1. Based on the alpha carbon coordinates of the chain, what radius of gyration and maximum Cα-Cα distance (Dmax) apply, in Å?
2. I need the shape label for segment 74-165. Rule: rounded when a/c is under 1.5, else prolate if a/b > b/c, else oblate, with a, b, c from the alpha carbon gyration tensor.
3. Would you mind calculating the relative contact order of the chain from Cα pairs under 8 angstrom and at least 6 residues apart, reporting the percent as a whole number?
4. Sorted by mean Cβ packing within 10 Å, highest first, what order do the peptides 354-364, 14-24, 383-393, 194-204 take?
5. Highest mean first, what order results for 25-35, 145-155 on Cβ atoms within 10 Å?
6. Mean separation of Cα pairs under 8 Å and 6+ residues apart, divided by the residue count of segment 154-282: what relative contact order is that in percent?
7. For LYS276, list the lysines whose Cα falls under 29 Å from its own Cα; do not include residues on the same chain fewer than 8 positions away.
8. Tell me the mean residue ellipticity at 222 nm calculated for the chain from its helices only (DSSP H runs of n ≥ 4, each -39500 (n - 2.57), averaged over every residue, nearest 500).
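What follows draws every value from the coordinates through simple rules; no lab data is involved. Computed from a predicted structure; not experimentally measured. In this analysis, Cβ positions are derived from the backbone assuming ideal geometry, glycine residues included, and neighbour counts consider all displayed protein chains.
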Amino acid sequence: MSAGLEDGLIAGENAPHLAALEQDYEHLGRQLARRGVDIERLTERAMRVRVAVPSWGVGTGGTRFARFPGPGEPRDVYEKIDDCAVIHALVRVTPGVSIHIPWDRPERPADLRAFAEARGLFFESTNSNTFEDQPGQAHSYKFGSLSHTDAAVRDQAVAHNLECLRIGAALGARAHTVWIGDGGNFPGQVHARRALDRYLESLGRVYAALPDGWRLLIEHKLYEPAFYSTVLNDWGTSYYCARALGERAFSLVDLGHHAPNVNIPQVVARLIQFGKLGGFHFNDSQYGDDDLDTGSVRPFQLFLIFNELVDAELDGVPGFDPAYMLDQSHNVTDPLESLMTSAVEVVRACVQAHLVDRGALAECQRRNDAVMALQTLKRAFTTDVAAILGMARARAGGAIDPVAAYRASGYRQRAAAARPAGRRAGAGIV
Ligand code: PSV
Ligand code: MN
């Protein structure tokens, strides 16, 4: 047994698909060659995509109204790592884990690190939590944390972030993400400028304590839990703060944290241009911060985001190195199935974006040919690259059909037997 899957499970599940995959791959290879594209180059690129899984993502999510736990939910961070290992074994692009403190605070970080490494995983980043109160905490975050009017609350929030850095350093992480729930529910409740000043002063103390080689990623969100205004509300404020903090501070883009109809691909392009795009929390939405599975509602938007990312990659934009992570709430699905599907969608968008004929697009832009510019993008977006994705996974030792292989493995049933309902690790409503 490895990673909770039986030895030979993946090879056995792949066997019946191999002949068809090879035929489809060969056919697609011929089609792409006619467009001057080398399929092998794309497959190799697909194999290099990396997207981290959040420790909180493998548990069942919930809403403000209810949570309906699924069978075999992980009860502690070790069981979460076991689940992450299954995801990575099947899709082969998710070796990184992003850990939430205190939901998944390890008692012995060195042991947890060794546990993860033994399963082929590593800790990529830490996430602080000053958006809810913990038992025994001296001061409440009800009216804010890093931007609170009371210095004692701000000090406590800073101390928590410093603790995250210490734990993260022991885990081998290289980035720390800060999302705060600070803001106001009513006009007049919060002084807009002073709250941002306080936030920056507090975060400056966290920034000053960043270990060598680390990045600070700041995540904005326009509403929720504060419903009138948030302190870090949009990408412009985020950019301003990242710039004020220093060269190791970056903006993190969560796809669900924008006002309706905001042109997120353009936000991404701007942050790249300004050297401040630190990373992503991928998810999808219909209405707001729905945290649906990546690529499930607006796959074209995801493609357009990757169009900007790949454009920057091919241009060799200096310092361009965003961290990718999934940040979703799995309320009605098996979280492992959602996370695998989402990881595949990230790779798909990346490969499709690599199919854009950039020379042709530049020429359309020069000639102001709007119709052909869009068609150039659509031609890439509508290319079925499933054979590339399947081949990339198979070559890396993963599953051609990850969800089918996972279902065939019986992992969830074994987890349900081994992890009886009752005590549950933190997380849930994200
Ligand atoms: C907030 O909505 C968020 O996107 C942040 O990334 C948090 O860390 C995560 O969800 C979990 O609450
Ligand atoms: Mn997020």
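1. Here Rg and the maximum Cα pair distance are 21.8, 66 Å.
2. Numbers: a/c = 2.79, a/b = 2.60, b/c = 1.07.
Here segment 74-165 falls in the prolate category.
3. Details: 795 pairs, mean separation 98.9, N = 430.
It rounds to 23 percent for the chain.
4. Values: 354-364: 16.7, 14-24: 13.8, 383-393: 22.3, 194-204: 19.2.
Result, highest mean first: 383-393, 194-204, 354-364, 14-24.
5. Working: 25-35: 13.7, 145-155: 19.8.
Per-residue mean Cβ counts within 10 Å order the peptides as 145-155, 25-35.
6. On the way: 189 pairs, mean separation 30.9, N = 129.
Averaging sequence separation for qualifying contacts and normalising by length gives 24 percent for segment 154-282.
7. Filter leaves LYS221, LYS378.
8. About -15500 deg cm²/dmol.
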